[in-house]
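Working notes, structure below.
The values are calculated or read from the model by the stated rules, or taken from the named source; none is laboratory data. All values reported here derive from a predicted model rather than from experimental measurement. Cβ atoms come from the backbone with ideal geometry, glycine included; neighbour counts cover every protein chain shown. These accessible areas exclude ligands, DNA and RNA; they are computed on the full protein's heavy atoms, side chains included. Shrake-Rupley method; radii C 1.70, N 1.55, O 1.52, S 1.80 Å.
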Amino acid sequence: MAQPAPPSQSEMRQRNLSRVLHTLASEGPLSRAAVAARIGLTRAAVSTLVEELLRGELLVEEGPGRSGTVGRPGSQLRLTDRGPCGFGAEIGVDHLAVCAADLRGEIRVRVEKEIRNQHSDPGAVLAVLRRLAHRARAEATDVGLRPVGLAVAVPGLVLRDSGTVLRAPNLGWQHTELLPLLPDDLGRITVHNEANLGGLAELWSKPAATPLTAPGRNGHTDSFVYVSAQIGIGACVVVDGQLLSGAHGFAGELGHVPVRPEGPRCGCGGRGCLETYAGEEAVLRAAGIEPGPGVRMSALTARCEAGEATALRAVGRAGTALGIALSGAVNLLDCRRVVIGGTLTRLAPWLLPPLRRELARRTAVAAGGRDTPVPVTASPLGPDGPLVGAAGLAVRTALDHPAGLLAGPTL
């Protein structure tokens, strides 16, 4: 078998420029010496790369910082908060949202609209999304940002490396090609499952233990299951810092794991799926609240806070069902933690205790006494995870290709 050709000098330079950018996105501000230590290049080599990035206005040089070592501390480098930005968009069942994040991953612009998209024509939905994107771009321009890419979160199965939504049951879409319907002035466009983007946002979250870099970089060891619990329920599986997408990109369909085979009929055609017990509309109905336009989880939260028995039973049943479904994933994958995202995070005080009990009772780790039960937490990003993850993915894709960033004008 022929060996692949070694990378050219130009390819190596681009790769090293990307490593500098990712390191500063993850851990900056840092000195040149600190960057060199982290990526394993000489200080002279890093200085040459940094000078190119400074000339391209992708970095900003600040005054000396605390080095923690003997000697005069070096000046600190950080990514610019102007110039290139990544756009993220989310197509929800009852809302649309668009945001822009600068190269540091900070959300600088956000526009959204409550709108019922279930069983709506994709062209009509995407027309509204394009108008929101136009507003977001105008606001981004006002703060000195220019788009270099767009990632779109969709609650459904997205064919790998395409813009095709194979099936989105809660939208009523099948075999829908989105790329021709999306804005064409925001750079490279990608479409992804919303749970995967929510999980990536969790992986990249600055308060978390894992660095804010692309999956698998810098020796990530974090392994977790992220549950995106909204009207539908999806999941993202991260193993050793890598997204586990499956053979066709469809891994994580947790909502259609049966928790009670004799249970109610699900929209997928099966019975007793998790979604029929823990999906947002299922929990609202079990609590005596009829879902509909403008009916949000705040009504259910208020009833739980008031100690209403029906509401508490509905949320407890949802937590138990989640524990049953997640026990299989935890036993199979031996993950370090479980994170609940989406609208159900608002119910965390009442949802997580029964979930934790059921999960501890059913998982091998707890049953064998080898360790404490797998920790279960609510994501601090709440329902914003998929949108934040979409913008973050657009930014990280841009950081992977610094030539495109250096070529464009800075506003």
Item to check | the chain: angle of helix 9-27 to the longest principal axis, Cα-based, in degrees nearest 10 | outcome: 60 degrees
Next on the checklist: With angles folded into 0 to 90 degrees, how steeply does helix 385-399 sit against the dominant principal axis of the chain? Use alpha carbons for both and round to 10.
Outcome noted: 20 degrees
Item to check | Sorted peptide list for 76-83, 274-281, criterion being average Cβ within 10 angstrom, highest first | outcome: 274-281, 76-83
Item to check | For the chain, calculated [θ]222 nm from helices alone, where every DSSP H run of n ≥ 4 adds -39500 (n - 2.57) | outcome: -12000 deg cm²/dmol
Item to check | Most fluctuating residue given options HIS192, HIS95, HIS248, as computed from a GNM of the chain linking Cα atoms under 10 Å | outcome: HIS248
Checklist outcome for this item: Probe 1.4 Å, heavy atoms of protein chains only: per residue, the accessible area of segment 283-365 in Å² is 43 Å²
Checklist entry - Build a GNM of the chain with springs between Cα atoms under 10 Å: which of ALA398, ALA251, ALA302 gets the top mean-square fluctuation? => result ALA302
Checklist entry - With r defined as the distance between the Cβ atoms of SER8 and GLU51 and R0 fixed at 25 Å, what FRET efficiency is calculated, to the nearest 0.05? => result 0.75
Item to check | Mean projection area, nm², convex hull over Cα of the chain | outcome: 23.9 nm²
Item to check | Rounded percent of accessible protein surface that carbon and sulfur make up, the chain, 1.4 Å probe | outcome: 52 percent
Checklist outcome for this item: Here the Cα Rg-to-2.2 N^0.38 Å ratio for segment 38-161 is 1.45
Checklist outcome for this item: Label model pair GLU139, GLU177: point-to-point distance (7 angstrom along the Cα→beta-carbon line) in nm is 3.2 nm
Checklist outcome for this item: Of PRO380, PRO264, PRO29, the most mobile residue in a GNM of the chain (C-alpha springs, cutoff 10 Å) is PRO264
